[in-house]
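The values are calculated or read from the model by the stated rules, or taken from the named source; none is laboratory data. The structure presented is a predicted model; accordingly, all values stated were derived computationally and were not measured. Glycine also receives a Cβ, built like all others from the backbone with ideal geometry; neighbour counts cover every protein chain displayed. The protein model used for the area step is the full one, side chains on, heavy atoms only, and it has no ligands, DNA or RNA in it. Shrake-Rupley method; radii C 1.70, N 1.55, O 1.52, S 1.80 Å.
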Amino acid sequence: MDGKLKGLIAYSSKTGNTKKLAETIFRELQNQCQVTLLDLKEHKIIDAENYDFILLGGWVDKAKPDKAVLKILEKIEPKNLGIFVTMGAMPDSPHGEDVKNNIKEILKKYNSLGYGICPGTVDEKVIARMKMIPDMIIPKSVKDKMVEPGNNSREATEEERIKVANEYKESVKNMEQKLLLT
Ligand SMILES: Cc1cc2nc3c(=O)[nH]c(=O)nc-3n(C[C@H](O)[C@H](O)[C@H](O)COP(=O)(O)O)c2cc1C
């Protein structure tokens, strides 16, 4: 192995929460390896073979990473993969536990660099749209369960974002050491 490891940080973000997390991970990893930051809105295809590892980021939709992330994973086969997300409910809530388990399940197929989860503000327009759905389509009790976490949602703090970045720094360091030994 020669030179620094090459990593790709690719993210999907509708309203900016995941973008910010991706940018923090990118900034924090820069000293350690050669990283590229990419917005999946602009790149539907990733040349996975050009990278030693990939960190894929998305926003949580129905307790899973959003479609853009899942679609990319259908197209590429990264060896070393990490997944990070932002979500409207709190990551330490029971719903957060479901999200964690879903991501862990996805990562089982790969050499996992781990997962990172941060809270993210739910866009006001999303909450307003949800409230407008007639009770006949989604019962009020179910809607309330979605609207309430949305109303209580918040942006991740810089500290929370850096914590995720630091965990990836550690995973990448471990991965590098393993590669040096082989
Ligand atoms: C269609 C839709 C579905 C969502 N589903 C969930 C969900 O299942 N669980 C959750 O905690 N947050 C959910 N959210 C909230 C987003 O995951 C959260 O606000 C995220 O931080 C947005 O990231 P972004 O700003 O990068 O787009 C949903 C948002 C949208 C628009």
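Below is a table of values for the structure above.
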{"quantity": "Pairs of alpha carbons in region 1-128 whose separation is greater than 25 Å (percent)", "calculated": "20 percent"}
{"quantity": "Amide N proximity, region 154-168 versus Lys100 label position 7 Å along Cα-to-Cβ, cut-off under 15 Å", "calculated": "164"}
{"quantity": "Crossing angle, helix 140-151 versus the chain [Cα axis fit, 0-90 degrees, rounded to tens]", "calculated": "50 degrees"}
{"quantity": "Order by protection proxy (mean Cβ within 10 Å, highest first), peptides 34-45, 126-137", "calculated": "34-45, 126-137"}
{"quantity": "Residues with amide H under 5 Å from that of Asp61, placed H, sequence gap 5 or more", "calculated": "Asp66"}
{"quantity": "Per-peptide average of other Cβ atoms within 10 Å, ordering 101-107, 58-64, 21-27 highest first", "calculated": "21-27, 58-64, 101-107"}
{"quantity": "Neighbourhood net charge (12 Å Cβ-Cβ; Lys/Arg +1, Asp/Glu -1) for Val99", "calculated": "-2"}
{"quantity": "³J(HN,Hα) computed for each position of region 117-133 - Karplus, 6.51 cos²θ - 1.76 cosθ + 1.60, integer Hz, glycine/proline x", "calculated": "10, 10, x, x, 5, 7, 4, 4, 5, 5, 5, 4, 4, 4, 5, 6, 5"}
{"quantity": "Surface accessible to a 1.4 Å probe, per residue, for the residues of the chain, Å²", "calculated": "59 Å²"}
{"quantity": "Residue-averaged 222 nm ellipticity for the chain, from DSSP H runs of 4+ at -39500 (n - 2.57), nearest 500", "calculated": "-14000 deg cm²/dmol"}
{"quantity": "Tilt relative to the chain, helix 94-107 - C-alpha long axis, 0 to 90 degrees, to 10", "calculated": "40 degrees"}
{"quantity": "Integer Hz, Karplus 6.51/-1.76/1.60 couplings in order for region 20-29, x for Gly and Pro", "calculated": "4, 5, 4, 5, 5, 4, 4, 4, 6, 8"}
{"quantity": "In Hz, Karplus ³J(HN,Hα) per residue of region 58-66 (6.51, -1.76, 1.60; θ = phi - 60°; x = Gly, Pro)", "calculated": "x, 9, 7, 10, 6, 6, 10, x, 5"}
{"quantity": "Student exercise, the chain dipole from Lys, Arg, Asp, Glu Cβ charges, in Debye to nearest 20", "calculated": "380 debye"}
{"quantity": "Evaluated over region 79-139, the Cα radius of gyration and Dmax, each in Å", "calculated": "15.2, 46"}
{"quantity": "Dipole-positive endmost among Met130, Gly150, Ile162 within region 121-165 (Cβ charges, Cα centre)", "calculated": "Met130"}
